[in-house]
Amino acid sequence: MDMGNKNIVSEIAENELCMGCGICSGCCPSENLTMTYKENGDLAPQILGECPQRCEICLEICPFSYKANNANEIAQGLFSGIEGISRDDLLGYYLDTYVGYSITNGHRERGSSGGMATWLLEELIKNNLVDSVICVAKSESKDSFFAYRIFNKVDSIRDAAGSKYCPVEMSGVIKNILHEENPKRYAIVGLPCSLKALRSAAHKYPKLGYSIRYMLGLCCLQLPNRFYTEYLIRLSGLPVGQMKTINYRSKRGAERAGNFRFTAVSSSGKRGKELPYFVSVAHAFGSGYFKRKVCNYCEDVFAELADVTFMDAWLPEYESDPTGHSILIVRNPDINRLLKEGNKQKSCLLEQMPIDRVIESQRGAVESKKKQISGRLYYAKMLGEKTSRTEAMPSKEVYRKHRINTRSSYRIQDKSKQLWPRYRKKPPWLFAARMLPYSWPYFIKLLRIRLARLWREPRRMLKLLPGSIRTRILRNN
Ligand SMILES: Cc1cc2nc3c(=O)[nH]c(=O)nc-3n(C[C@H](O)[C@H](O)[C@H](O)COP(=O)(O)OP(=O)(O)OC[C@H]3O[C@@H](n4cnc5c(N)ncnc54)[C@H](O)[C@@H]3O)c2cc1C
Ligand code: SF4
Ligand code: SF4
Ligand code: SF4
């Protein structure tokens, strides 16, 4: 419905530049926005009625809008005055950087990485720095798999551990906070783009800034839409519908941290087949099936506006341990104090990590978001597609260098979303086969990476040999 005025739907959602955080909807003073799933599986705001002339509040809040505040300026305002803080061009501001894990009961086993995000949420409550925490847990509605929920009980916070590779909107919790008569104090977990929207919203509505005391960020490379979860459910042999549990990163049986398992249980209690990441999932996540288009133009790897950022320790010395390690970038002195105290009391085990190792742990994301982005911007310009506001500029040279992969990745994103609704009820291998004409450059790239690795480390070739021959060779060496 075109209402004449500019709003988030006409400028962002209709140009596929939304990631579905729902913050615009939560903040719209006319309650004019509702979050709905589009036919292609993307979660985005929909306009309900006429907008008052020149409102555009949603456009000031959305991180992808041309009216969005500059992220570097927001970060400077938030962190530059903090005693002892440093800044790095890739990492943003940081007080300390750590690697480690929680030793508190069950955090590490349930957590995606070292369980430190859950550890901190609990500590913030225990130390009376917040009243409740807002994180992502199973949805109680049949329309979505997950929802942002408000908790203050340890068991609920623990049940919400684990990464959900699915857009989760927070309009409900934002409205809840804005309408609270007696404002409470919260900590919230979010992806880099959601936290940028939250910072802008807090600037617009000081009550939000007062209530949300701590923002915990998750490092982020990309986000697929809800079709990705549906596809994994189908791959695990279950029908798509309401689910009892979905775990994208079960550690049970994993021989290394990266080869976590997708597991699901249907509402009737039927357990699906476990899907090891490298065997059954990587082709879909890695090649960008169902990826939100706006992620192509995202520049924030390290959630630079978060008070603390969590990520996986994707480094060989940690990746070989399947129980998982978290890396943390700390920007808030209260949080740094809690972490130091936790380390002293041995409820978590942390050691300092040099920032070049932190950056190295996210090498792929840094390469994609800080360098290859210029090529994608150039490609979007060629296609005549709108992009979000970025610091990076389009570059023909970068585009040329990554031309085959860029083009194939866009085709995969579009085609997977177009085709999935037709294949949802068919055997999932049919869908994967149908995607093959678009995915082959990804498989060739993968093969090249694997061959290059074998060339550099010939000992890896031993793994391809039968066990008895391998033992004989190793014994003779
Ligand atoms: C979409 C997505 C992409 C990611 N990409 C990367 C990456 O490229 N590199 C990397 O190193 N790490 C990435 N992460 C972060 C990583 O997977 C872990 O979440 C992080 O290391 C924290 O692990 P933990 O064990 O400390 O947290 P846990 O103890 O497992 O707690 C995680 C907390 O995050 C909340 N949460 C889960 N999913 C979401 C969500 N979608 N939105 C908001 N909150 C959520 C949970 O409710 C829980 O409170 C990504 C996470 C997500 C959700
Ligand atoms: S990204 Fe968030 S703020 Fe922007 S349009 Fe989408 S839901 Fe609204
Ligand atoms: S914030 Fe303003 S412009 Fe945006 S949808 Fe609501 S009323 Fe319309
Ligand atoms: S890649 Fe960027 S835009 Fe996409 S979900 Fe992650 S933080 Fe948001």
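Laboratory data are not the source of any read-out in this text; all were calculated from the coordinates shown. All figures in this text were calculated on a predicted structure; none of them were measured in a lab. Counting neighbours? That spans all protein chains shown, and the Cβs are built from the backbone with ideal geometry, glycine included.
Observations, loosely collected:
- Alpha-carbon Rg/Rh ratio, for the stretch 372-461, with Rh computed the Kirkwood way: 1.09
- Label-point separation, ARG54 to SER320 (7 Å along Cα→Cβ), nm: 6.5 nm
- Violating pairs (Cα-Cα greater than 31 angstrom) within the set LYS196/LYS270; LYS184/LYS370; LYS164/LYS386; LYS38/LYS270; LYS371/LYS425; LYS386/LYS426: LYS196/LYS270; LYS184/LYS370; LYS371/LYS425; LYS386/LYS426
- Between PHE278 and GLU31, full extension at 0.36 nm per residue minus the direct alpha carbon distance yields a gain of 84.6 nm.
- Mean projection area, nm², convex hull over Cα of the stretch 8-61: 3.4 nm²
- In percent, rounded to a whole number, the relative contact order of the stretch 251-399 is 22, using alpha-carbon pairs under 8 Å and six or more apart.
- Taking amide hydrogens as placed 1.01 Å from N in the peptide plane, the amide H of SER139 sits under 5 Å from those of PHE146, ALA147, each at least 5 positions away in sequence or on another chain.
- Cα-projected label distance for ARG400 with ARG357, points at 7 Å along beta-carbon direction, nm: 4.0 nm
- Under the criterion of Cα pairs below 8 Å and six or more residues apart, the relative contact order for the stretch 74-363 equals 26 percent.
- For CYS18, the amide hydrogen comes within under 5 Å of the amide hydrogens of VAL294, counting only partners 5 or more places away or on other chains and with H modelled in the peptide plane.
- At most 14 other Cβ within 10 Å, DSSP loop - chymotrypsin sites (Phe, Trp or Tyr not before Pro), the stretch 66-128: TYR66
- Longest segment of the chain lacking GluC sites (Glu not before Pro) that sit in a DSSP loop with at most 13 other Cβ atoms within 10 Å: 256-390
- Its convex hull of Cα atoms gives the chain a direction-averaged projected area, equal to a quarter of the hull surface, of 24.5 nm².
- Phi angles across the stretch 234-246 convert, under the Karplus curve 6.51 cos²θ - 1.76 cosθ + 1.60 with θ = phi - 60°, into 3J(HN,Hα) values of 5, 4, 7, x, 9, x, 6, x, 5, 10, 6, 9, 9 Hz, Gly and Pro given as x.
- Restricting attention to the chain, close to 80% of DSSP beta bridges with both partner residues there are antiparallel.
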